[in-house]
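Quick notes on the structure that follows.
Since every read-out is calculated from the coordinates, none of them should be taken as a lab result. Note that this is a predicted model, so its numbers are computed, not measured. Glycine also receives a Cβ, built like all others from the backbone with ideal geometry; neighbour counts cover every protein chain displayed.
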Amino acid sequence: MGGEAPEPGRLTRALSILDGSGVPEEALHLVLAHVDDPRDREAASLACRRWHRIDALTRKHVTVPFCYAVSPARLLARFPRLESLAVKGKPRAAMFGLIPDDWGAYAAPWVAELAAPLECLKALHLRRMVVTDADLEALVRARGHMLQELKLDKCSGFSTDALRLVARSCSRSLRTLFLEDCTITDNGTEWLHDLAANNPVLVTLNFYLTYLRVVPADLELLARNCKSLISLKISDCDLSDLIGFFQIATSLEEFAGAEISEQRELTKYADVKLPSKLCSFGLTFMGTNEMHIIFPFSAVLKKLDLQYTFLTTEDHCQLIAKCPNLLVLAVRNVIGDRGLVIVADTCKKLQRLRIERGDDDPGMQEEEGGVSQVGLTALAVGCRELESIAAYVSDITNGALESIGTFCKNLYDFRIVLLDKQERITDLPLDNGVRELLRGCTKLRRFALYLRPGGLSDVGLSYIGQHSGIIQYMLLGNLGETDGGLISFAAGCRNLRKLELRSCCFSERALALAMLQMPSLRYVWVQGYRASQTGGDLMLMARPFWNIEFTPPSTENAGRPMEEDGQPCIDRHAQVLAYCSLTGKRSDYPQYVVPLHPA
Amino acid sequence: MPPMVTATTDSAARRFAVACGVLSRLVKAAGPVPMPMPMSAYGAAARVGALQGPDGPPADGAQQLTIFYGGRVVVLDGCTPAGAAELIRYAAAAATPPAAAAATALVDIPIARKASLQRFLSKRKDRSVTALEGPPYSRPEEAAPPPPAKKRKTEASSWLALGSLGDMHAQRSIA
């Protein structure tokens with residue numbers, strides 16, 4: 001049909017002709033089955049009722065970005081043939097100890113209502129949720145015979161007993177068991193033995209950043225039985241105890257964890273010979289004297305995790321200079337500008353870089369550590385393939401941000417936090433640099449900017465809105481000067497779906513009005529703003545299908561320390577969590593959370 | 001009583017203009033907003049005119065509002081109680097300390113630390129404590145031959161020997 005678009009009446013007739021003469025159902029099924037991208041799927045499902053139905057029956061994977069947005073029953077009703085489900089729970093702030101354990105995000109309803117009826121389900125991924133042994137039992141009972149992938153990502157509430165059950169029940173099917181950064185009650189090491197003995201098709205096993213005990217012999221059994229094992233990330237276990245494992249696991253491509261023990265006998269690591277196909281590596285507490293372990297395969301190394309090592313700036317320089325094929329690098333800021341220059345010169349294919357925050361304690365201070373505009377600029381110029389940058393910086397300039405905008409055209413994820421140690425920052429505010437970065441990096445979907453007062457003016461904040469493009473997620477900290485800045489920011493954000501604000505100067509009223517202005521917004525989390533005792537002004541954003549939860553500011557909350565090192569994570573600042581929801585007020589909120597709407 | 005006339009500054013005049021803009025928008029908007037009028041809370045500096053129209057006060061409580069400020073007079077008819085409250089809020093806010101002070105008062109939230117990294121840094125601290133106290137196992141940085149820029153002194157010269165052992169290992173693995 002050439003020419004102008006048909007009038008509505010003629011379009012309806014055109015569609016019905018198509019239907020009537022039969023584009024056969026089966027054909028549509030087949031075609032849609034090849035459509036994987038969730039955004040394409042969303043668009044297809046909105047075309048007409050028939051396409052909506054066929055999408056619902058053929059969609060293989062759904063991610064529920066926030067567990068309280070939709071009920072399990074509703075999900076089941078729409079997608080009865082789902083094969084893979086991901087659900088996310090607690091706010092990201094939970095990773096920083098800012099969300100108490102009893103806040104919510106329980107896996108129970110999801111498992112109870114979906115594990116049995118979803119007859120095609122073979123992969124489940126839960127992030128930041130509370131999962132109990134009973135939940136895993138129920139899951140395994142319903143799906144054990146066909147569960148291929150179980151990912152519990154920063155979850156808590158279960159023990160190794162449940163893992164034993166998983167190991168024994170999913171023996172023919174389990175390919176991926178992912179438990180990274182979970183809090184797991186350790187009732188023994190049998191689970192690993194059971195897994196090794198019963199699961200011949202295991203490809204990926206990850207219990208990195210857990211505190212589970214490991215028996216090296218069980219790992220050797222795993223290597224012997226699971227010839228398909230490609231990726232293993234474990235908790236702490238002396239590297240020298242893994243010599244046998246590495247000799248057997250000849251197909252291994254990825255390894256992280258283990259540790260260099262305190263009683264350092266240098267000779268015992270001499271016999272560690274890593275598998276020949278290894279191209280992704282991380283070793284906890286690795287120091288200058290153990291670094292050489294990597295040298296034999298540094299040239300083929302694609303992923304390197306140095307976040308939990310004891311390497312100095314000089315070590316980083318020496319090591320990274322040997323890794324020209326690196327795609328993914330994670331370090332602490334001890335890498336320094338010097339190390340970043342080496343990265344820029346050497347790692348021309350680098351796609352993802354994370355620079356985490358090191359120690360502030362003067363006794364432990366990493367002397368040459370600290371990354372600034374010098375390192376960032378070198379990085380931008382040298383690593384044009386970068387897709388994701390997350391960095392804690394000690395100093396920054398507009399120029400460095402401009403460089404990133406000029407050179408890193410593939411960037412889809414950019415996050416920067418300006419540390420608070422250095423009193424004087426070279427070049428604030430960062431208004432122009434931020435503008436140029438956003439204008440230059442047109443593929444940006446995720447953006448985080450955490451500065452200090454004076455770091456970004458109201459004008460700068462309006463630039464972020466104006467040039468937000470297709471950004472879907474933002475974390476903003478210490479930005480702007482007045483409510484006006486927030487309002488003008490909000491006016492620009494057409495595609496923003498998820499917003500986190502921290503330590504800002506905005507009033508409750510401005511927050512509410514700003515949220516109303518963002519058409520795509522479905523989730524907002526705020527901590528540290530000009531809160532009232534009741535959150536009353538937040539009601540300005542009350543509307544159907546929009547839940548508002550308020551945690552009032554309180555010195556009583558101070559009695560709940562959440563950090564292990566004695567530093568109390570006092571959450572005396574108010575928190576606001578507002579989100580789109582089809583289910584109404586949640587029934588499991590703790591007593592310190594006040595549901596404002598629905599009340 | 002008319003508002004306190006302090007030295008007229010640009011920002012004060014701007015705030016007044018903003019407040020008037022808000023007020024006139026509210027007056028033009030249809031229908032009253034169902035909010036109570038907490039007049040007493042603001043120690044009102046503006047006097048809400050109590051002039052009544054010839055037919056008595058209208059049903060929605062809209063009345064005439066008269067403002068005296070800096071030698072100027074603004075009279076607005078049909079101002080709802082809510083509208084008046086809004087204006088008074090603005091005026092009261094203008095009298096309080098500027099927002100910048102409030103902003104700095106808020107930024108006592110330290111940058112939060114990721115729990116996983118925090119655990120690692122704590123463990124490292126424990127290790128360095130035992131290293132200093134216990135039998136001769138030094139921190140890795142000290143075992144390596146120290147580069148010239150390094151300020152930290154090694155515990156004893158025997159660590160240099162350990163350091164060269166490390167170099168030997170490196171050469172062996174590469175070969």
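Structure data summary
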quantity: Rounded FRET efficiency, nearest 0.05, which uses the C-beta distance separating A:A321 from A:D186 and R0 of 51 Å; calculated: 0.80
quantity: 10 Å Cβ neighbours from other chains, averaged over peptide B:120-127; calculated: 6
quantity: Additional length obtainable on full extension of the chain from A:D271 to A:A448, 0.36 nm per residue less Cα span; calculated: 59.3 nm
quantity: Radius of gyration, Dmax [segment A:266-360; alpha carbons; angstrom]; calculated: 12.5, 38
quantity: Pairwise FRET efficiency - A:V300 versus A:D37, Cβ, R0 = 30 Å, nearest 0.05; calculated: 0.45
quantity: Segment A:153-198-segment A:250-302 distance, computed between alpha-carbon centres (Å); calculated: 25
quantity: Those GluC sites (Glu not before Pro) in segment A:97-152 that DSSP places in a loop and that have at most 16 other beta carbons within 10 Å; calculated: A:E119
quantity: Dimensionless Rg ratio for segment A:417-492, taking C-alpha atoms and the 2.2 N^0.38 Å reference; calculated: 1.04
quantity: Using a Förster distance of 45 Å, the FRET efficiency for A:A56-B:D126 (Cβ separation, nearest 0.05); calculated: 0.25
quantity: Charge-dipole axis of segment A:16-116 as Lys and Arg at +1 and Asp and Glu at -1 on Cβ define it, positive-most pick from A:G104, A:S45, A:A86; calculated: A:G104
quantity: Candidates per trypsin sites (Lys or Arg not before Pro) in segment A:172-253, loop by DSSP, up to 14 other Cβ within 10 Å; calculated: A:R172, A:R213, A:K227
quantity: Footprinting exposure proxy for A:F550, A:F281 (fewest neighbouring C-beta atoms within 10 Å first); calculated: A:F281, A:F550
quantity: MRE, 222 nm, helices only [DSSP H, n ≥ 4, -39500 (n - 2.57), over chain A, to nearest 500]; calculated: -8500 deg cm²/dmol
quantity: Ratio Rg/Rh, restricted to chain A and using Cα atoms, in which Rh is the Kirkwood radius; calculated: 0.97
quantity: Hz values of 3J(HN,Hα) by residue in segment A:133-148 - Karplus curve (6.51, -1.76, 1.60), Gly and Pro given as x; calculated: 4, 4, 4, 5, 4, 4, 4, 5, 4, 7, 10, x, 5, 10, 6, 9
